[in-house]
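Working notes for the structure below.
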Amino acid sequence: MASRNQNRPPRSPNAKKEGLGGIPFDKRRKVETQGTGRRQAFSAVNKQDVTMNSDVGSIEECGKVEFTKDEVLALLSERAKAGKFDTKAKIEQMTDIIKRLKICVKWFQQADETHVQEKESLRVSLESAEQKYNHKELEARTKEEELHATISNLKENVVSLHEKLAKEESCKQDAIECHRREKESRVAAEKVQASLGEELYKVKEEKMAAKQKVTSLEDMYKRLQEYNTSLQQYNSKLQTDLETVRAALTRAEKEKSSILENLSTLRGHSKSLQDQLASSRVLQDDAIKQKDSLLLEVTNLRNELQQVRDDRDRQVVQSQKLAEEIGKYQENVGKSSQELDILIAKSGSLEETCSLQKERINMLEQQLAIASERQKMADASVSLTRTEFEEQKHLLCELQDRLADMEHQLCEAELLRKKLHNTILELKGNIRVFCRVRPLLPDDGGRHEATVIAYPTSTEARGRGVDLVQSGNKHPFTFDKVFNHEASQEEVFFEISQLVQSALDGYKVCIFAYGQTGSGKTYTMMGRPETPEQKGLIPRSLEQIFQASQSLGAQGWKYKMQVSMLEIYNETIRDLLSTNRTTSMELVRADSGTSGKQYTITHDVNGHTHVSDLTIFDVCSIGKISSLLQQAAQSRSVGKTQMNEQSSRSHFVFTMRISGVNESTEQQVQGVLNLIDLAGSERLSKSGATGDRLKETQAINKSLSALSDVIFALAKKEDHVPFRNSKLTYLLQPCLGGDSKTLMFVNISPDPSSAGESLCSLRFAARVNACEIGIPRRQTSTKLLDSRLSYG
Ligand code: ADP
Ligand code: MG
């Protein structure tokens, strides 16, 4: 409220009552205190219906009183109004006037004194400044001398360094010569080394041959030595043989003599033996006779023995058969004994299982008894549970009733929320202005110049004030909100998210971005949708709408959303979602009014806008929206290269129509969200345009001034609002009128070279900020929703 008054022209004292409109007296006083302190004092002095004494007393109490020239003149020209003969009253009035005149005079004196004091203090500060200046000048001179000295030193250094450099150069030449000679000698040495190597190789080969000869000679020598030794051995052996032969000869002679002796003895012996032989022959004949008889006896005995042997064999065969039979019997016996063992074992196990079964039967009987007891208990508990169940059922019914109640209350609360939300927005004003200053970019020229944008830090203006300094003059501005260069996209969106909620609640909402080219309008509106932190207002709004429509779905709300995107270039509409996109040629034709598509704008009685031939998409997912945004961005960027940066020369209008219906309450709402990236607002002189550029710039300036005309006409509640003066205002007519909510972002570049344009933008925004447009109406009805959703 205070901000708006700051930007308004001062009101004349007589007009103050009408001018303040419906604002109660208390508030008005407060407003004026904040606005101009002077006004309060004057009204207090001039007040007619307050009794004099108390009035004057209160003025003296309030101490410092100020007057303007007009007020003083008014006071001087004031005359007593009482009747001619009513001297008493006249005197009273006169004394009153005199008192006020006295106060005025006192104020004059005080002002005079303060002026003298100020003059004195200014003189003192001037003197001190001069002293400081002299001092500084002296310092500068001494510094200059010092610098001269250092410069001469440096020059000397440079000369000596040059000399050194020459010396170094000659050294370098010598070194190069040495290096060359060294190289030559190295080559010669390498040649010598090669020839020596060859000789060495030959010598080595000769040495090898000689070595081989030596070894063969050595072998021969060895073999000859061996031969010699073997001959010596042979010789010695022959000598030993000779010795033995000689010994054998002597022994043989001895044996001959002994044999001759034996021969004589043996001849005697032979005679005796011949005698014995004759007697033996007689004995031999007898023995032969005995032998024949014995042979006979032996043959007989042999026959008997054969018979006995046959008997024995038969007996053996019989005994073998018997033994076999015995074996078979034994086997049989073994088998049956095994079977017997198995049977015994089986009967033992059967007995065991029998006893086990008995035990189990006993156990089962016991369990049966326990189970029957339990069943009895369970029966009892079933009846108990049944009664509990009945109780729970009852409780459930109650809870369901309460739930229905709560849901009803929730619906009512939602209604209340919408109402309150709207009241809050109304209190904030239906046309609001936010200012956003973008950061200084590397391309900006004035990086090293003094900053031109400042943010006041007083508690009143914090976050709402911005000061622009141009050629030494400070221009302060106040808006509903000021975002400095550090503000993130998220922070900016947070401030407008309530407006987006309003569109869902059934209001018509327009958000504009205004400012010169390069000030960050497109960044604010669209941002960079591919990086989550840099997404602009459009993608974020859409996300919020989808999320909120989903959560409101729990309360029975069903929403349908339609999206269109268009561009207004040279007062011609261009459909950004059209599948057969207009080429640059078509655009030129469209520009001259010969295109096939007319894009005529019409408004119906319900305040719904229709644009013929415009592509409208029904959207039900965020994915679809982002593909549409991409398509639009692409057709805009195509235009940018082909149409000489047309994107900054055209207005971009994103429109989303939201139709909601609550089947349980039969309520329906129809909201519209318009997000508009305006064309660059720079003035003609700056762009220095001619030809087509001139035409573009004129069209932009015309449509922007038409927009401001519409806003100001609405603010003044004029009968005629010039909506038809531009395509943009005509298109947005239902959303700019009394039942809408409008927000304008004024985008500012901090570049000092843009200070002039920034000042224009800020002034324009300040004028818009001073406006108040009607009270928004929500477009709702309790009729069942027409299945064909109208568009607007
Ligand atoms: P406009 O649409 O007003 O002509 P742009 O949105 O295209 O300006 O911004 C111009 C340049 O400044 C772009 O490169 C953009 O990325 C950058 N820019 C604008 N605002 C910001 C910001 N708040 N933070 C970072 N960069 C920004
Ligand atoms: Mg842009």
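With +1 on each Lys and Arg Cβ and -1 on each Asp and Glu Cβ, and nothing else charged, work out how big the dipole of region 282-399 is about its Cα centre, in Debye to the nearest 20.
Computed charge dipole of region 282-399: roughly 180 debye.
For the pair Gln598 and Gln562, what calculated FRET efficiency results from E = 1/(1 + (r/R0)^6), where r is the Cβ-Cβ distance and R0 = 30 Å, to the nearest 0.05?
Plugging the Cβ-Cβ distance into 1/(1 + (r/R0)^6) gives 0.90.
Let's test the formula: R0 of 51 Å, r as the Cβ-Cβ distance of Thr423 and Asp112. What FRET efficiency results, to the nearest 0.05?
0.45
Going toward the positive end of the dipole of region 135-207, with +1 on Lys and Arg Cβ and -1 on Asp and Glu Cβ, which of Ala166, Ile151, Gly197 do you reach last?
Result: Gly197, furthest along the dipole toward the positive end.
Tell me, what is the FRET efficiency for Glu163 and Arg186 to the nearest 0.05, using R0 = 35 angstrom and their Cβ-Cβ distance as r?
0.50
Report, in whole Å, the centroid distance computed from the Cα atoms of region 316-364 and region 713-748.
Rounded to whole Å, the Cα centres lie 118 Å apart.
Note down the Stokes-Einstein diffusion coefficient of region 120-277 in µm²/s, whole number, using a Kirkwood radius over alpha carbon pairs, 20 °C, and 1.002 mPa s.
Value of D from the Cα-based Kirkwood radius: 68 µm²/s.
Would you mind giving the three semi-axes, in whole Å and largest first, of the ellipsoid equivalent to region 476-524 according to its Cα gyration tensor?
22, 13, 12
Once phi is turned into θ = phi - 60°, what whole-Hz ³J(HN,Hα) does the Karplus curve with 6.51, -1.76 and 1.60 give for every residue of region 413-419, x standing for Gly and Pro?
Once θ is set to phi - 60°, the couplings for region 413-419 become 4, 4, 4, 4, 4, 4, 4 Hz.
Find the Rg to Rh ratio for region 173-261, where Rh is the Kirkwood radius over alpha-carbon pairs and Rg uses the same atoms.
1.83
Between Rg and the Kirkwood Rh of region 104-153, both from Cα atoms, what is the Rg to Rh ratio?
On the Cα set of region 104-153, Rg over Rh gives 1.53.
Averaging over all projection directions, find the projected area of the Cα convex hull of region 133-188 and quote it in nm² with one decimal place.
Computed as one quarter of the Cα hull surface, the answer is 4.9 nm².
Figure the gain on full extension for Ala89 and Asn235 (residue separation times 0.36 nm, minus the Cα-Cα span) and round it to one decimal in nm.
This chain segment gains 33.2 nm when fully extended.
If we sort 374-385, 540-551 on the protection proxy, mean other Cβ atoms within 10 Å, highest first, what's the order?
Packing proxy ranking, top to bottom: 540-551, 374-385.
Taking H as built 1.01 Å from N, whose amide H comes closer than 5 Å to the amide H of Val619, not counting residues under 5 places away?
Those qualifying (amide H under 5 Å, at least 5 residues apart or on another chain) are Met561, Gln562, Val563.
Checking the table Lys419/Lys508; Lys418/Lys624; Lys418/Lys481; Lys535/Lys741; Lys508/Lys535; Lys508/Lys695 against a 21 Å threshold on Cα-Cα, which pairs fail?
Long pairs (Cα-Cα over 21 Å): Lys418/Lys624; Lys418/Lys481; Lys535/Lys741; Lys508/Lys535; Lys508/Lys695.
Let me spell out the model: positive unit charges on the Cβ of Lys and Arg, negative unit charges on the Cβ of Asp and Glu, origin at the Cα centre of region 188-293. What dipole size does that give, in debye rounded to 20?
In debye, rounded to 20, region 188-293 gives about 200.
Per-residue HN-Hα couplings for region 164-175, Karplus 6.51 cos²θ - 1.76 cosθ + 1.60 at θ = phi - 60°, whole Hz, x for Gly and Pro?
Rounded to whole hertz, the list is 4, 4, 4, 4, 4, 4, 4, 3, 4, 4, 3, 4.
Can you tell me the dipole magnitude for region 92-138 around its Cα centre, using point charges on the Cβ only (Lys, Arg +1; Asp, Glu -1), in Debye to the nearest 20?
With only Lys, Arg, Asp and Glu charged at Cβ, the dipole is about 120 debye.
With a ≥ b ≥ c taken as the square roots of the eigenvalues of the C-alpha gyration tensor of region 261-333, please select rounded if a/c is under 1.5 and otherwise prolate if a/b is larger than b/c or oblate if it is not?
oblate
For region 84-174, state which chymotrypsin sites (Phe, Trp or Tyr not before Pro) are in a DSSP loop and have at most 16 other beta carbons lying within 10 Å of their beta carbon.
Answer by residue number: Phe85.
I need the Debye-formula profile for region 714-753: one equal scatterer per C-alpha, no solvent, reported as log10 I(q)/I(0) at q = 0.17, 0.26, 0.35 1/Å, two decimals.
At q = 0.17, 0.26, 0.35 Å⁻¹ the computed log10 ratios are -0.59, -0.97, -1.22.
How long, wide and thick is region 205-310, going by the Cα atoms along their three principal axes, in whole angstroms, largest first?
105, 61, 11
Since every read-out is calculated from the coordinates, none of them should be taken as a lab result. No experiment lies behind these values; they were computed from the predicted model shown. Every residue, glycine among them, receives a Cβ derived from its backbone with ideal geometry; neighbour counts consider all protein chains shown.
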